[in-house]
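To keep things clear, I will list the structure first and then write my remarks on it.
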Amino acid sequence: GTRAVWILPLDNPDNESGTRSRFSRLRPMDVEALRDHDRAPDIVAVEPVARTGSRVTITWEGTTYSPADFAATPPGLAPIYNVKLSSGVFYTEADEADHAKVAVLGAEVVDKLFSPGVEPVGQRISINNVAFKVVGVMARKGTIATYNQDDIVFVPLSTGIDSITGHVDSYRVLGILAGSPVQV
C-alpha cells in the first residue's frame, strides 16, 4: 500500500566472492529500534519476516506444490502487506504466542493445491512434512512486476522458526507501516 516500506538486507553483490563488507543483517534489535517512537515517530508498525533459503513444499491429500514465497511473520504484518481475506481469518497474537501450526494461503496456492469446490479453511496441510491447519485464504491481489502476490503462504514467526526455518540470524525483510503516505 501507499504507507508500506520494505527493508531488505544488502546481500554481498559479488556472489560470495570478494569482500563481505557490504553484507548487512536485519536483527531483532533493528526491529526494536524502529519500534521506538522517539527514534522513529512516523512509524506505526514494524514486523520481521523470516524465510527459508529454498522453497517450501506444501502437500494436501497427495497433491504437492511449492509456492514462490513463504513468510514466517507475526500477525502484525497483515495490515502492512495489506492482506484481505476471501475466507477464514489471519492468525492472531495468541497463535504467535502458542507457536500454533496454522497457515494463511495465497489464492494461487489454493488454486494449485486444492480441488475445485474444496474449502481450504479447516483443511490439514503439511509444509515441509510438518502438519498445519489452514485458517485463512487471501483474496486475490495480482502480480506486481514479476512478483505474484498470490503465490505465498504465511505462518506465525514463532512456528516458522520452530518448524521450518530454524534459528534466524537475520530476517529476510522488515515490513514497516508509516502513519501516512506523506510520512513514508
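I'd like the FRET efficiency for A33 and A94, computed as 1/(1 + (r/R0)^6) with the beta carbon distance as r and R0 of 35 Å, rounded to 0.05.
On the way: r = 27 Å, r/R0 = 0.76.
For R0 = 35 Å, the calculated efficiency reads 0.85.
Consider a paramagnetic label point 7 Å from the Cα of L85 along Cα→Cβ; state which residues of the range 149-171 have an amide N under 15 Å from it.
Within reach of a label on L85: 154-156.
Given a 1.4 Å probe, how much area per residue of the chain is accessible, in Å²? Could the numbers behind the result be given before it?
Values: 9500 Å² over 184 residues.
That works out to 52 Å² for each residue.
Cβ under 15 Å from V110's Cβ, V110 left aside: what net charge do those residues give with Lys, Arg +1 and Asp, Glu -1? Mind showing how you got there, number by number?
Values: positive: K84, K112, R124, K133, R140, K141; negative: E61, D69, E108, D111, E119, D150, D151.
Every neighbour counted, the sum reads -1.
Can you bin the range 15-121 into rounded, prolate or oblate? Criterion: square roots of the alpha carbon gyration tensor eigenvalues sorted a ≥ b ≥ c, rounded for a/c under 1.5, prolate for a/b above b/c, oblate for the rest. Working shown, then result.
Values: a/c = 2.64, a/b = 1.43, b/c = 1.84.
In terms of gyration-tensor shape, oblate.
For Cα pairs less than 8 Å apart in space and 6+ apart in sequence, what is the mean separation divided by the residue count of the chain, i.e. the relative contact order in percent? Walk me through the numbers before you get to the answer.
Numbers: 394 pairs, mean separation 64.2, N = 184.
35 percent.
On the full set of protein chains, 1.4 Å probe, figure out the accessible area of S24 and give it in Å² to the nearest 10.
Counting only protein heavy atoms, the figure is 40 Å².
Please list 3J(HN,Hα) in residue order for the range 155-165, calculated via the Karplus relation 6.51 cos²θ - 1.76 cosθ + 1.60 where θ = phi - 60°; whole Hz, with x for glycine and proline.
Karplus values, whole Hz, x for Gly and Pro: 9, x, 4, 4, 5, x, 5, 4, 10, 10, 8.
For the range 88-184, just say rounded, prolate or oblate: build the C-alpha gyration tensor, square-root its eigenvalues into a ≥ b ≥ c, call rounded for a/c under 1.5, and beyond that prolate if a/b exceeds b/c, oblate if not. The partial results should precede the final answer.
Working: a/c = 1.70, a/b = 1.15, b/c = 1.48.
Oblate shape, in that a/c is at least 1.5 and b/c is the bigger or equal ratio.
Could you tell me the relative contact order of the range 98-181? Use alpha-carbon pairs under 8 Å, at least six residues apart, and round to a whole percent.
On the way: 106 pairs, mean separation 30.0, N = 84.
Normalised by residue count, the contact order of the range 98-181 is 36 percent.
Through the Karplus equation 6.51 cos²θ - 1.76 cosθ + 1.60, θ set to phi - 60°, convert the phi angles of the range 101-113 into ³J(HN,Hα) values in whole Hz; use x for Gly and Pro.
8, 10, 9, 10, 10, x, 4, 5, 4, 4, 4, 7, 9
Can you list residues from other chains, or at least 5 along the same chain, whose modelled amide H is less than 5 Å from the amide H of V56?
HN-HN under 5 Å from V56: empty list.
Once a ≥ b ≥ c are taken as the square roots of the eigenvalues of the Cα gyration tensor of the chain, is the result rounded (a/c under 1.5), prolate (a/b larger than b/c) or oblate (a/b not larger than b/c)?
Details: a/c = 1.72, a/b = 1.40, b/c = 1.23.
Prolate is the answer for the chain, as a/c is 1.5 or above and a/b outweighs b/c.
Considering amide H positions built from the backbone, and no H for Pro or chain starts, which residues 5 or more places from S86, or on another chain, come under 5 Å of its amide H?
V137, M138, A139
Pull up the DSSP beta bridges for the chain and report the antiparallel fraction as a percent, rounded to 5.
Details: 27 of 35 bridges.
Given both bridge residues lie in the chain, the antiparallel proportion sits at roughly 75 percent.
The values are calculated or read from the model by the stated rules, or taken from the named source; none is laboratory data. These numbers were taken from a predicted model, which means no experiment stands behind them. Note that each Cβ is placed from the backbone with ideal geometry, even for glycine, and that neighbours are counted across all protein chains shown. The accessibility values were calculated without ligands, DNA or RNA, using every heavy atom of the protein model including side chains. Shrake-Rupley method; radii C 1.70, N 1.55, O 1.52, S 1.80 Å.
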